Every structure is written in structure tokens, then in C-alpha cells.
Amino acid sequence: RARGRQLTTLALLDEAAAQAQRGEMATVLVLGATGATGSRVVAQLLERGERVRAVVRSKASVPEPVRANERFEAVEASVLDIPASDLAKHLDGVDRIVSCLGHNPTAKGIFGKPYYLCTEAIELVHKAILSTPADRKYKVVLMNTIGTPHPDGSDKTSAMQRAALKLLACCVPPVRDNNSALMYMHKQIGTKDPRIEWAVVRPDGLLEGDEVTEY
């Protein structure tokens with residue numbers, strides 16, 4: 001896990017309980033909310049009592065029980081088509097942002113445009129945050145992959161594994177995009193802005209199922 005300002009994903013998800021005790025209720029903005037992982041994130045957030053605002057191409061792609069939840073709000077748009085100034089408006093009342101965007105596992109999804117979906121989306125989020133009032137603070141989580149090297153070189157990998165990852169990044173656009181998105185978080189955001197805490201989650205395996213395992 002690459003982290004900025006010591007934020008963990010579990011801490012972000014557990015914020016709901018702390019807010020409830022304080023009598024507060026902020027909103028979590030979710031990108032990629034209808035994907036395999038994003039839909040699970042939305043469901044867990046709602047189960048925890050969170051308010052969720054999701055950017056989706058079509059509300060019809062959201063399961064009916066989620067759409068019917070009074071704490072769920074859908075913004076119909078393609079993420080990369082939203083100007084940063086408009087996305088900033090959708091950050092009203094939001095203090096946490098989760099990006100579960102990814103490339104579809106099809107030939108078009110892997111080799112077609114947009115080549116830098118994850119990177120461009122996180123850049124857009126960053127620009128939107130910078131245009132909001134200076135007293136607002138945000139926590140940002142980016143879902144990535146274990147195939148992306150840790151930027152500080154701390155991963156315990158062999159020379160052959162590192163060579164294979166570099167080859168994949170050269171040949172497979174989504175791998176290159178994931179690398180780019182992580183490096184944007186690490187270099188462009190880093191610890192420069194005290195308003196932004198962030199984490200990049202690099203899962204090594206995602207199994208479909210109803211059970212929620214230990215983090």
C-alpha cells in the first residue's frame with residue numbers, strides 16, 4: 001500500500017462510526033461505482049450508514065436497492081467529461097473520495113481509449129479539490145493493483161519480476177495507466193497539501209463472493 005499522510009483504507013471506511021458519534025454525516029464520492037469492486041464499496045458504505053454520491057454513466061446501471069436508498073445519490077455523467085469546476089460542485093458536503101475506476105477486461109477495454117482513465121480521473125479529482133474552499137479537507141483512496149511497483153522501491157521482488165512488470169507496462173495500456181496514477185498521487189499530491197490525505201490500495205487478489213474477509 002502506498003500511502004500519503006498515514007491514511008489507511010480501513011480508517012476511511014471506519015470514519016462513518018466516528019461521525020455518527022459526533023452527530024455528523026458527510027458524503028463519500030465514489031468513482032467507478034458500478035464496477036465489480038466499486039459496487040461492493042458502495043454497498044459496504046451504505047451498510048455502515050454513510051451517505052454516498054456516485055458518478056455513473058447511467059442510473060439504470062445501479063442496482064435498484066441501492067438507487068432506492070435515501071442515502072444514495074447518483075450523478076449521471078462520464079467522469080472524464082466533467083469539467084473540474086463542475087466536479088468541484090459535486091464535492092459539496094463530501095470529505096472522502098474513492099476511485100474504483102478500471103479498464104474493462106476486453107480487447108477494447110485493454111487496448112482502446114481512454115488509455116489513461118485512472119490517471120486522468122485522479123488528476124481531475126485533484127484539480128476539483130484545489131478549486132474548493134481552502135478550509136475543506138479530503139481523504140482520497142485510489143484502487144490500484146499489486147502489479148504496480150511501490151514508488152519508494154520497497155517491494156521485495158526479484159530482478160526477473162521487475163523486468164516482467166516493466167515489460168507489461170510497455171505493452172499493456174492499463175498497467176501503464178495504473179503506474180501513472182500511483183505516481184501522480186505520490187509526486188503531484190504527495191504531502192504538499194495538508195488538506196489531502198490519500199492511500200493507494202494495491203490488492204493482490206480479488207475474489208467474488210458475499211463474505212467480507214479481514215483487511
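The values are calculated or read from the model by the stated rules, or taken from the named source; none is laboratory data. Everything quoted here is computed from the prediction, not taken from an experiment. We place every Cβ from the backbone using ideal geometry, glycine too, and count neighbours over all the protein chains shown. The protein model used for the area step is the full one, side chains on, heavy atoms only, and it has no ligands, DNA or RNA in it. Shrake-Rupley method; radii C 1.70, N 1.55, O 1.52, S 1.80 Å.
Using θ = phi - 60° and the Karplus curve 6.51 cos²θ - 1.76 cosθ + 1.60, what whole-Hz ³J(HN,Hα) does each residue of segment 119-126 get, with Gly and Pro shown as x?
Whole-Hz 3J(HN,Hα) from phi for segment 119-126: 5, 5, 5, 6, 5, 5, 4, 4.
Once neighbouring chains are kept in place and the probe is 1.4 Å, which whole percent of the accessible area of segment 135-210 is contributed by carbon and sulfur?
It is 58 percent, rounded to a whole number.
Would you tell me the accessible area of Asp135, worked out with a 1.4 angstrom probe on the heavy atoms of the protein chains, in Å² to the nearest 10?
130 Å²
At a 1.4 Å probe radius, which order do Tyr115, Tyr138, Tyr184 fall into by accessible area, largest first?
Sorted by accessible area, descending: Tyr115, Tyr184, Tyr138.
Leaving out ligands and nucleic acids, and using a 1.4 Å probe, what accessible area per residue does segment 131-215 come to in Å²?
63 Å²
Towards the positive end of the charge dipole of segment 60-189, with charges on Cβ (+1 Lys, Arg; -1 Asp, Glu), say which of Val94, Ser78, Met183 has the farthest Cα.
The Cα lying farthest towards the positive end belongs to Met183.
Just from its helices, what would the mean residue ellipticity at 222 nm be for the chain, if runs of 4 or more DSSP H residues each count -39500 (n - 2.57) and the sum is divided by every residue, rounded to the nearest 500 deg cm²/dmol?
It lands at -10500 deg cm²/dmol.
If the only charges are +1 at each Lys and Arg Cβ and -1 at each Asp and Glu Cβ, what is the size of the charge dipole of the chain around the Cα centre, to the nearest 20 debye?
With Lys and Arg at +1 and Asp and Glu at -1, about 640 debye.
Using 7 Å Cα-to-Cβ label points, what is the Leu130/Ala84 separation (nm, one decimal)?
It works out to 0.4 nm between the two label points.
Per residue of segment 200-206, what does 6.51 cos²θ - 1.76 cosθ + 1.60 with θ = phi - 60° give for ³J(HN,Hα)? Whole Hz please, x for Gly and Pro, Karplus curve as stated.
Result, rounded to whole Hz: 10, 9, 10, x, 9, x, 10.
Using protein chains only and a probe of 1.4 angstrom, how many square angstrom of Ser158 are accessible, to the nearest 10?
Around 50 Å² of this residue is reachable by solvent.
Below 8 Å between Cα atoms, with a sequence gap of 6+, how large is the relative contact order for the chain in percent?
RCO, the chain: 26 percent.
If you average the alpha carbon positions of segment 78-107 and of segment 109-178, how far apart do those two centres end up, in angstrom?
Spelled out, the Cα-based centre of one part sits 15 Å from the other.
Run the count for segment 26-152, please: Lys pairs, Cα-Cα under 15 angstrom, 8 or more apart or on different chains.
The number of close lysine pairs in segment 26-152 is 4.
Match the structure shown to one of the listed values (1) 1.01; (2) 1.28; (3) 0.95 of Rg/Rh (Cα atoms, Kirkwood Rh), computed from it, and give that label.
The calculated read-out lines up with (3).
Keeping all protein chains in place, calculate the accessible area per residue for segment 29-94 (probe 1.4 angstrom), answer in Å².
Result: 50 Å² per residue.
Given the Cα-Cα distance of Cys170 and Asp155 and 0.36 nm per residue of separation, how much length would full extension add, in nm?
3.4 nm
Mind listing the long-range amide H neighbours of Val30? Cut-off is under 5 Å, sequence gap 5 or more, other chains count too, H placed in the peptide plane at 1.01 Å from N.
Excluding prolines and chain starts, which carry no amide H, the hits are Arg53, Ala54, Val55, Val98.
Hey, can you grab everything whose amide H is under 5 Å from the amide H of Val140? Only 5+ residues off in sequence or another chain; H modelled, so Pro and N-termini drop out.
HN-HN under 5 Å from Val140: Ile97, Glu197, Trp198, Ala199.
Taking the Cα centroid of segment 189-215 and of segment 20-72, what is the distance between the two, rounded to the nearest whole Å?
Centre-to-centre distance over Cα atoms comes out at 17 Å.
Quick one: order Val212, Val172, Val55 from most to least accessible surface, probe 1.4 Å.
Sorted descending by solvent-accessible area, the residues read Val212, Val172, Val55.
Let me spell out the model: positive unit charges on the Cβ of Lys and Arg, negative unit charges on the Cβ of Asp and Glu, origin at the Cα centre of segment 41-108. What dipole size does that give, in debye rounded to 20?
160 debye
Mind listing which trypsin sites (Lys or Arg not before Pro) in segment 38-135 are in a DSSP loop and have 16 or fewer other Cβ atoms within 10 Å?
Passing sites in segment 38-135 are Arg48, Arg57, Arg71.
Report the relative contact order of segment 119-202, percent, no decimals, based on alpha-carbon pairs under 8 angstrom and at least 6 residues apart.
53 percent
Over segment 70-110, what portion of Cα pair distances is larger than 10 Å, expressed as a whole percent?
Every Cα pair in segment 70-110 considered, those over 10 Å come to 81 percent.
Any idea what angle helix 159-171 forms with the longest principal axis of the chain, computed on alpha-carbon atoms, 0 to 90 degrees, nearest 10?
Orientation of helix 159-171: about 70 degrees from the principal axis.
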